[in-house]
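Following: one structure in structure tokens, then a few remarks.
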Amino acid sequence: MNYVALSWLDLAAAAVLIIINGVLSFTLRLGLERSIAIAALRMLVQLGAIGFVLKFIFDQSSPLVTAAFALVMVGVAGHEALARQEARIGGWAAYGIGAGTLFCVGLVATVYSMTVIIGPEPWYDPRYLLPILGMILGNSLTGVALVLNAVTQAARRERAAIEARLALGETRFEATSGVIVHAVKTGMMPILNAMAAAGVVTLPGMMTGQILAGVDPVEAAKYQIMIMFVISAATALGVMLAAIGGAWLITDSRHRLRLELLQLV
Amino acid sequence: MLRVEKLKVGGLPPLSFEVAKGECMSIEGPSGSGKTRLLRAIADLDDAPGYVFLEGVERREMPAPQWRRQVRYLAAEPGWWAATPREHFPASVDRGKLGRLLDSVGLEDSLLDQPIGQLSTGERLRLALVRGLIDEPRVLLLDEPTGALDQQSRALVDELIRFQLLADRVVLLVSHDSVEIERLADQRLQLGDTGRGVSSAQPAVNGSAK
């Protein structure tokens, strides 16, 4: 592969652009210079650090180190899924639903991609595994967060209908089936849009990256197609698990709707 | 047939009473006195300490859906989840029975295929009653079943309730209509005005009017 490597001086040249932003903000009294400086510094430290961390993991190429880093990614994704809720259920149950769903989806989709589809040597080669897991988690996370939000919102809106169905003797999953279907549709929307727009409206990030790194555009497109299939399947699975999990969370074992367990945040 | 023992609902003192087959008990009290909460607790829609027995079997001894198929709570404001009333009935519903029930509360069959949103409050209330009676639950917990009805529909619904009592069902009736209560109730339960005041089950004055 042939690509133009960036020197530290090149990065400094890019940083000049953001410094110009800061100076503009200062002279025009926009009051943004502080926010710009903090955001830019955070980005610099986070990306710089992850570069070194990934380099270390790739050099080790150890299954244990790779698995440990993958688990950290799942944990952070689970936390993110909950942080985006308007109403949440206290305690570990909700975190368990979010993180548990992402763990199942990430494990199944990543292992399938690595062994059946890509097949690097060794199969857990972190250079492939971690970016693929990241893309799966990133998209599933959006879906799961949307679904949990849709379940709690729809349940509050449809309370009378759900309770009427429970009173008629339906089980908690029968009575919330309308809510579950609505939530799954909501959760699938972003990935369906992303697939429909890919290549026409947007050039997906991974494909862009590979092209910059010197990969033949047709080969990059093939990789992107593979990834789109994997992440949409993973998102669909995660969205369905999370919708059922969400319905389980807002009801109890006596098939009652327990909206009082929701805390508005 | 329906026996309630030391049921703790909200701020009320523990309630105990028994209603026999074919009998109706009215539940009275001002707004906020816990009438709806009591019915919901009996249907096991809300958690409440204490016991509710149907022919000697406590509610916790069976799955909640099975309990609610026999002990049916009908809300004052019924909920709907599909576009037309027909979709709220099982596909296997006995058409003849459905037609007779609709007829008994003065509703046309054609109403079943109209959008829910286009029906009047009174029509929806009566449709909910039909939906709740079609599978013949043994205990009916009726939360103001005639509250939003005109005089004529009210008489039809009262007639239907009386018919349910003749079929040996148990009826618990929340109502603000003293005429309706005197016509139907064999017992009256009074809930206190603060929610913790006296509550008593006593025979109705004109209890055997039916």
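Structure data summary
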read-out	value
Filtered GluC sites (Glu not before Pro), the stretch B:25-69: DSSP coil and at most 13 other beta carbons within 10 Å	B:E55
Shielding by other protein chains, A:164-177, mean Cβ within 10 Å	6
Degrees separating the helix B:151-166 axis from the principal Cα axis of chain B, which is the longest one	70 degrees
Around A:R88: net Lys/Arg minus Asp/Glu count, Cβ-Cβ under 15 Å	0
Residues of type aspartates and glutamates that A:K185 reaches as a straight line, Cα spacing below 17 Å, ignoring anything fewer than 8 places off in the same chain	A:E158
Segment B:E136-B:E5, length gained on full extension (0.36 nm per residue, minus Cα span)	44.7 nm
Within the accessible area of chain A (1.4 Å probe), percent carbon and sulfur	71 percent
Per residue, in Å², the accessible surface of the protein assembly as shown once ligands and nucleic acids are set aside, probe 1.4 Å	51 Å²
Where A:F173, A:F52, B:F89 fall by accessible area, highest first, once all protein chains stay in place (1.4 Å)	A:F52, A:F173, B:F89
Set of lysines with alpha-carbon distance to B:K21 below 22 Å, sequence-local pairs under 8 removed	B:K6, B:K35, B:K210
Under the span-like rule (Cα at least 18 Å along the axis, Kyte-Doolittle mean at least -0.5), DSSP H helices of chain A	A:8-27, A:33-60, A:63-83, A:92-112, A:126-157, A:177-197, A:217-249
Helical mean residue ellipticity (222 nm; -39500 (n - 2.57) per DSSP H run of 4+; nearest 500) of chain A	-25500 deg cm²/dmol
0 to 90° range, to nearest 10: angle between helix B:121-133 axis and chain B longest Cα axis	70 degrees
B:Q190 paired with A:R84, simple spin-label distance in nm, labels 7 Å along Cα-to-beta-carbon	5.8 nm
Solvent-accessible surface (1.4 angstrom probe) belonging to B:E108, in square angstrom, nearest 10	130 Å²
FRET E, pair A:D252, A:L54, Förster distance 51 Å, beta-carbon r, rounded to 0.05	0.70
Positions from the stretch A:238-265 whose accessible area shrinks by 30 Å² or more when the full protein complex is built, not the chain alone, probe 1.4 Å	A:R254, A:H255, A:R256
Rounded accessible area of A:H255 (nearest 10 Å², 1.4 Å probe)	40 Å²
Positions from the stretch B:44-71 whose accessible area shrinks by 50 Å² or more when the full protein complex is built, not the chain alone, probe 1.4 Å	B:L45, B:P65, B:R68
Contact surface B-A: accessible area buried, both sides summed, square angstrom, 1.4 angstrom probe	1500 Å²
Accessible area of A:V65 in the full protein assembly, 1.4 Å probe (Å², nearest 10)	50 Å²
Global geometry of the protein assembly as shown, whether rounded, prolate or oblate, following the gyration tensor of its Cα atoms and the 1.5 cut on a/c	prolate
Apportionment of accessible area to carbon and sulfur, chain B, percent (1.4 Å)	49 percent
A:V65/A:F229 FRET efficiency (R0 30 Å; Cβ-Cβ; nearest 0.05)	0.60
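The values are calculated or read from the model by the stated rules, or taken from the named source; none is laboratory data. This is a predicted model, so every value here is computed, not measured. Counting neighbours? That spans all protein chains shown, and the Cβs are built from the backbone with ideal geometry, glycine included. The accessibility values were calculated without ligands, DNA or RNA, using every heavy atom of the protein model including side chains. Shrake-Rupley method; radii C 1.70, N 1.55, O 1.52, S 1.80 Å.
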